Amino acid sequence: MTQSLPQQCYSATQVLAYERELAQALDIDLYELMSLAGLAAFEMCLTLQPNASRYLILCGKGNNGGDGLVLARHALQQGIHVDLLCLTPLSEYQGEAKKALQTLQALNSKHLTLYDDLLSKSLDIGDIKSRYDIKVDAVFGIGFNGAIKSQYENWFSLFNHVDAIAVSLDTPSGVNATTGEVANGAIKAQHTISFIALKQGLLTGIAADFVGQFHFAGLGVKDKFEAMFSSTVKLSHDHNQPTLAPRSQSVHKGDAGFVLAIGGSEYMPGAIRLTSEAALIAGAGCVAVASDHMNRNILLDGRPELMLAPFQEEALVHHISWKKARTVVIGPGLGEEQHSQSLVKFVTSSEKTLVIDADALKYLNGKAREAQTWVLTPHAAEASQLLDTTVDWIETHRFEAVKQIAQQYHCVCVLKGPGSLISDGKTIWINKTGNPGMASGGMGDVLSGIIATMLLQPIPVLDAVRTAVYLHGRSADLAVTNKSESSLLASDLFVTLPQLLP
């Protein structure tokens with residue numbers, strides 16, 4: 001049965017080491033944990049397809065394969081036919097996996113068809129059975145790292161093409177459970193069930209395309225595991241958001257805070273409009289916009305609550321909006337003119353609380369001083385520029401990248417993408433709200449505005465930022481309850497965001 005997700009996340013290396021310590025501390029046999037995992041996986045499969053009559057299970061020789069063998073045993077005991085494809089010789093099974101195999105074989109079930117040593121054979125899955133209800137990947141598990149060997153890749157390709165509900169145990173084979181890197185030829189699951197503890201790599205980046213719907217089973221030891229072993233990587237979800245206090249009866253707009261948004265070149269006016277409107281709707285008392293004078297009409301059309309500020313630093317520094325602003329957003333639609341660079345230099349030399357996004361990230365020179373608060377919101381390409389590396393490296397080292405940016409620039413960094421990461425250089429939060437519809441223009445601009453307003457809240461900076469990222473994604477999730485993901489617009493969040501605020 002799928003359980004609510006815990007808060008702490010771990011690397012594969014941590015889980016592999018800690019599992020044995022946990023078993024020793026609780027005096028639990030590792031085979032007992034394997035048995036619980038296999039049962040939990042089978043119960044999930046029953047939920048996915050209650051009337052299934054045939055399973056296909058692809059098994060490795062390690063503990064992940066052992067989980068699959070336990071699942072197979074429960075399926076057979078329910079009268080479900082199982083085609084069990086063991087990739088290595090049965091003689092190579094050791095330890096808990098060998099015990100699971102022996103227990104399975106002792107059933108002597110007429111519903112089992114078992115093939116072994118398949119890596120040395122050429123056999124088309126279509127020759128075994130062309131139709132299954134459930135197919136289960138139990139090959140590598142969380143220990144995988146590197147590339148998939150060609151003989152495995154052939155079987156994985158055949159497995160991926162079988163018409164059935166695809167389930168992976170703990171981790172889709174070929175996905176690195178620590179980094180989220182996906183090897184060529186990896187298993188693509190529709191459902192992944194993770195055991196005992198959350199594996200961080202499954203929750204961010206391109207791994208989402210291979211994990212599918214995420215399920216969790218703590219096997220009765222999750223709480224003890226988290227109590228024994230701490231982690232600096234955490235999952236941000238519905239149940240651990242900071243409480244946003246409702247406004248008092250006597251509040252005035254000055255108490256609610258002043259946001260200044262700087263950006264919007266002549267040819268990109270929409271970005272800063274989205275940012276400033278998002279800041280207003282998220283709860284800022286006042287929002288002023290410093291933008292190219294050609295953008296005046298589009299900024300104020302339908303949003304008369306916005307104020308205007310000078311777009312030249314010589315005039316801006318004396319303007320009331322600069323003096324009153326408690327948070328400043330710079331970058332959305334800013335452009336790459338010389339004027340843009342000088343604006344960034346001016347703003348980053350101040351001691352204002354800053355949200356630095358989009359074009360402004362290109363002009364960062366140095367890092368925040370001790371008295372400054374910076375929030376950087378790069379996507380992968382912008383992050384690669386900040387760290388002088390490649391986009392590929394960022395995507396395969398997302399946890400390392402977000403932490404490096406936070407440390408190098410003395411900031412809180414939001415590395416955007418599926419499962420956005422938020423870090424202050426010490427702790428990393430993984431955000432799991434949001435959906436593929438957010439891959440559309442302006443979504444990042446809206447996020448910057450929400451962050452600017454959350455920074456006005458009387459809560460720590462890291463909490464304010466992760467709350468903003470959560471609200472941003474949750475608003476998008478609410479928005480697609482009434483429309484398709486492919487038609488989702490950034491401005492649609494302005495309808496749903498107020499539903500989440502006090």
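The values are calculated or read from the model by the stated rules, or taken from the named source; none is laboratory data. Fair warning: this is a prediction, and the values are worked out from it, not measured in the lab. FYI the Cβ positions are ideal-geometry reconstructions off the backbone, even for glycines, and counts take in every protein chain you see.
Observations on the model:
- Any helices (runs of 4 or more DSSP H) falling wholly within region 198-301 and containing at least 1 residues that are more than 20 Å from residue 328 (Cα to Cα): 208-211, 222-228, 296-300
- Residues that are touching a residue at least 24 places away in the same chain (Cβ under 8 Å), under 29 Å from the mean Cα position of the chain (by Cα) and part of a helix (DSSP H, G or I), drawn from region 335-380: 358, 359, 360, 361, 362, 380
- Note on region 302-334: residues that are assigned to a helix (DSSP H, G or I) and more than 25 Å from residue 378 (Cα to Cα) amount to 7.
Let's see how each residue does on (1) closer than 29 Å to residue 420 by Cβ; (2) of a type in the set (A, V, I, L, M); (3) touching a residue at least 24 places away in the same chain (Cβ under 8 Å):
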position: 227; (1), (2), (3): yes, yes, no
position: 237; (1), (2), (3): yes, no, yes
position: 253; (1), (2), (3): no, no, yes
position: 259; (1), (2), (3): yes, yes, yes
position: 268; (1), (2), (3): yes, yes, yes
position: 276; (1), (2), (3): yes, no, yes
position: 293; (1), (2), (3): no, no, no
position: 305; (1), (2), (3): yes, no, yes
position: 313; (1), (2), (3): no, no, yes
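- Single residue of 164, 147, 189 found to be in the same structural domain as residue 44 (by TED's automatic domain parsing) and over 30 Å from residue 399 (Cα atoms): 164
- Test: residue in region 157-176 that is among the aliphatic types (A, V, I, L, M), part of a helix (DSSP H, G or I), over 18 Å from residue 119 (Cα atoms) and in contact with a Ser or Thr (Cβ under 8 Å, 6 or more places away or on another chain): no
- Conditions (1) assigned to a helix (DSSP H, G or I); (2) surrounded by fewer than 22 Cβ atoms within 10 Å (Cβ to Cβ); (3) touching a helix residue (DSSP H, G or I) at 6+ places or on another chain (Cβ under 6 Å); number of the one not met by residue 109: (1)
- The condition of being assigned by TED's automatic domain parsing to the domain that holds residue 64, surrounded by fewer than 24 Cβ atoms within 10 Å (Cβ to Cβ) and in contact with a Pro (Cβ under 6 Å, 6 or more places away or on another chain) holds for only one of 208, 217, that being 208.
- Residue 253 being farther than 30 Å from residue 35 by Cβ, touching a strand residue (DSSP E or B) at 6+ places or on another chain (Cβ under 8 Å) and surrounded by fewer than 24 Cβ atoms within 10 Å (Cβ to Cβ): yes
- When 83, 29 are checked against the criterion of being assigned by TED's automatic domain parsing to the domain that holds residue 221 and touching a Ser or Thr at 6+ places or on another chain (Cβ under 6 Å), a single residue qualifies: 83.
- Residue check, residue 453 under 29 Å from residue 425 (Cβ atoms) and in contact with a helix residue (DSSP H, G or I) (Cβ under 9 Å, 6 or more places away or on another chain): yes
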